[in-house]
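Every number here is computed from the coordinates shown, using simple stated rules; none is lab data. Treat the numbers as computed from the prediction; the structure is a model and nothing was measured. Cβ: placed from backbone, ideal geometry, glycine included. Neighbour counts: every protein chain shown.
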Amino acid sequence: MRVNFRFNIAKATEAACHLIQKEGGHLNVMKLVKLLYLLDRLSIARRGIPVVGGVYYSMRNGPVTSEVLDLVNAGCLWGEAECHWEDFITDRQDHEVALNTMPPSEHLSESELRLIDDIYREHGSKDQWQLRDWRHEHCGEWTPLQEGRARIEAEDIARNVGKSEEEVRRFAEQAAETNLMAKVLSWQ
């Protein structure tokens with residue numbers, strides 16, 4: 001079974017805002033995208049579920065969450081009615097985004113906020129290139145590429161953070177059930 005957890009734009013926006021705030025109000029785009037990927041990776045390792053979710057890809061500079069990259073580049077996702085990214089985060093300029101205003105913490109749990117703190121404590125002092133190199137060495141799910149992209153399945157992330165095959169199977173089942181419930185309840 002190959003599935004990913006649905007992307008949660010509200011959590012992605014809030015998590016990005018927390019990271020930008022920790023960086024002093026502005027953050028390099030590549031660093032932001034890398035930190036959000038590492039947030040999901042850490043959450044899968046500790047809690048068995050991602051914070052942001054979405055579709056993950058290997059790219060030349062390391063793994064990314066596709067929807068996060070789209071938000072950074074376009075400010076919204078095509079067809080997304082409840083996209084408030086641009087309300088809180090500026091358009092990218094000179095490879096950086098900045099915080100317009102801090103959103104209320106309505107979607108992130110206390111444990112997710114602690115994960116953000118932990119990711120920033122471990123990786124916040126690194127620049128985007130140091131993060132790239134760290135992820136190349138420590139993210140076994142990443143495939144080295146010179147161009148283009150290759151899909152990373154969420155199960156591959158789970159395996160590479162030390163989950164057993166039984167845990168990976170349950171992880172995939174949970175993702176499928178969550179996606180089905182979202183579809184049934186029309187959580188588009």
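Some notes on this structure:
- Size check on the chain: the Cα extents along the three principal axes, sorted descending, read 42, 40, 32 Å.
- In this structure the amide hydrogen of residue 54, modeled in the peptide plane, comes within under 5 Å of the amide hydrogens of 5, 6, 7, none closer than 5 places in sequence on its chain.
- For the stretch 121-132, backbone phi angles converted through the Karplus equation (6.51, -1.76, 1.60; θ = phi - 60°) give residue-by-residue couplings of 4, 6, 10, x, 7, 7, 7, 4, 6, 5, 5, 4 Hz, Gly and Pro being listed as x.
- For the stretch 82-188, convex hull of alpha carbons as volume per residue, Å³: 182 Å³
- In sequence order, calculated HN-Hα J values of the stretch 148-164 (Karplus, 6.51, -1.76, 1.60; Hz; x Gly/Pro): x, 8, 9, 5, 10, 7, 4, 4, 5, 5, 4, 4, 6, 9, x, 6, 6
- Largest-first principal axis extents, alpha carbons of the stretch 33-78, Å: 31, 23, 15
- The magnitude of the dipole of the chain, with charges of +1 and -1 set on the Cβ of Lys/Arg and Asp/Glu and taken from the Cα centre, is near 440 debye.
- q = 0.29 Å⁻¹, the stretch 1-58: log10 I(q)/I(0) [Debye, one scatterer per Cα]: -1.29
- Estimated inter-spin distance, residue 138 and residue 184, nm [label 7 Å along Cα→Cβ]: 3.9 nm
- For the stretch 9-184, with +1 on Lys and Arg beta carbons and -1 on Asp and Glu, the positive-most of 158, 140, 49 along the dipole: 140
- Annotation: extensible slack from residue 149 through residue 101 equals 14.0 nm (criterion: 0.36 nm per residue apart, minus Cα-Cα distance).
- Note on the stretch 15-109: Cα-only Rg and Dmax are 12.9, 36 Å.
- Calculated FRET efficiency for the pair residue 167/residue 86, C-beta based, R₀ 41 Å, to 0.05: 0.65
- All C-alpha pair distances within the stretch 82-131, sorted into 5 Å bins from zero, spread as 5, 16, 15, 22, 27, 14, 2 percent across the bins.
- Per-residue [θ]222 nm for the chain (sum of -39500 (n - 2.57) over DSSP H runs n ≥ 4, rounded to 500): -16500 deg cm²/dmol
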